[in-house]
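The values are calculated or read from the model by the stated rules, or taken from the named source; none is laboratory data. Quick caveat, the model's predicted, so the values are computed rather than measured. Every residue, glycine among them, receives a Cβ derived from its backbone with ideal geometry; neighbour counts consider all protein chains shown. Side chains included, ligands, DNA and RNA excluded: accessible areas come from the protein's heavy atoms. Shrake-Rupley method; radii C 1.70, N 1.55, O 1.52, S 1.80 Å.
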Amino acid sequence: KDTDTVHIYNPKLPDESVKTRERQDDSEKVSVENLEKLPKAGNDNAQLAIGKCYFDGIGGVKQNYKKAFKYFQMACDNGNPNAFFNLGICYDGGYGVGQNVKKAIEYYNKAADLDVPEAMTKMAVIAEQQGDYATALKNLRKLALLGNPVCMRKVAIMLMNGLGEPASQTEITDMLPA
């Protein structure tokens, strides 16, 4: 699969180029091997980070979608909002799991409900394509409130065209960028 077009949530890993103190032994060195100890202890951010490493084949590990999916699932089980989005990507593209668009949409929707911007965008697009303007509008409104001018304009256009739900002229005007 071409991962150049896949955009999964990218957690911030510690920056090895910044040295605030001398390290005394290799057990403190940031590595996939050391990070893998944290997911087993239930650290959902570490689970997400390891999943990203395996998904992209970075951090000294070979790309392995099945392992990435396993770690994303662990993080999801621990309630990590971004993991829901990443599982959606896995199901959508068949990365490490059988392709299942219905399940992908379920995970995207859950992530959108948990305010993951990438998931809100994905759900807005999917919902609009399916003619579910209420869901598209709900997600676009949330993105507009985050300051996204493209979404502000899209909300205003949808409301002016009566798509989704009725709105006041004030809401339409407020959504249009200045």
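Test Gly42 against the stated conditions and say whether it is open to solvent by 10 Å² or more (accessible area, probe 1.4 Å), small (Gly, Ala, Ser) and on the phi > 0 side of the Ramachandran plot. Walk me through it before giving the result.
Numbers: open to solvent by 10 Å² or more (accessible area, probe 1.4 Å): yes; small (Gly, Ala, Ser): yes; on the phi > 0 side of the Ramachandran plot: yes.
Taking the combined requirement at face value, the residue satisfies it.
Quickly run through the stretch 72-119 and pick out the residues that are crowded, with 19+ Cβ neighbours inside 10 Å, touching an Asp or Glu at 6+ places or on another chain (Cβ under 6 Å), under 14 Å from Ile50 (Cβ atoms) and not small (Gly, Ala, Ser).
Asn80 - this is the single residue of the stretch 72-119 that is crowded, with 19+ Cβ neighbours inside 10 Å, touching an Asp or Glu at 6+ places or on another chain (Cβ under 6 Å), under 14 Å from Ile50 (Cβ atoms) and not small (Gly, Ala, Ser).
Taking the stretch 88-137 as the region of interest, how many residues are among the aromatic types (Phe, Trp, Tyr), within 12 Å of the chain's Cα centre (by Cα) and closer than 16 Å to Ala68 by Cβ? Full working, then the answer.
Here is the first cut: in the stretch 88-137, the ones among the aromatic types (Phe, Trp, Tyr) are 91, 95, 107-108, 133.
Keeping just the survivors that are within 12 Å of the chain's Cα centre (by Cα) gives 107-108.
Next, only the ones that are closer than 16 Å to Ala68 by Cβ stay: 107.
Qualifying residue count, the stretch 88-137: 1.
Which pairs turn up if I take residues in the stretch 56-69 that are open to solvent by 40 Å² or more (accessible area, probe 1.4 Å) and look for partners that are not in a loop (DSSP other than H, G, I, E, B) with beta carbon separation below 6 Å, at least 6 apart in sequence or on another chain?
Between residues of the stretch 56-69 that are open to solvent by 40 Å² or more (accessible area, probe 1.4 Å) and residues that are not in a loop (DSSP other than H, G, I, E, B), the close pairs are Gly59/Val32; Gly59/Cys53; Gly60/Val32; Asn64/Tyr54; Lys67/Tyr54.
State which residue pairs qualify: first residue of a type in the set (Lys, Arg) and inside the stretch 131-155, second residue surrounded by 20 or more Cβ atoms within 10 Å (Cβ to Cβ) and in a helix (DSSP H, G or I) in any location, beta carbons under 7 Å apart, and separation of 6 or more residues or different chains.
Listed by first residue and then by second, the contacts come to Arg141/Val155; Lys142/Met120; Lys154/Leu140.
Name every residue in the stretch 122-132 that is crowded, with 19+ Cβ neighbours inside 10 Å and not acidic (Asp, Glu), in order of residue number. Write out each step before concluding.
First pass over the stretch 122-132, keeping only residues crowded, with 19+ Cβ neighbours inside 10 Å: 122-124, 126-128.
Answer for the stretch 122-132, where residues must be crowded, with 19+ Cβ neighbours inside 10 Å and not acidic (Asp, Glu): Lys122, Met123, Ala124, Ile126, Ala127.
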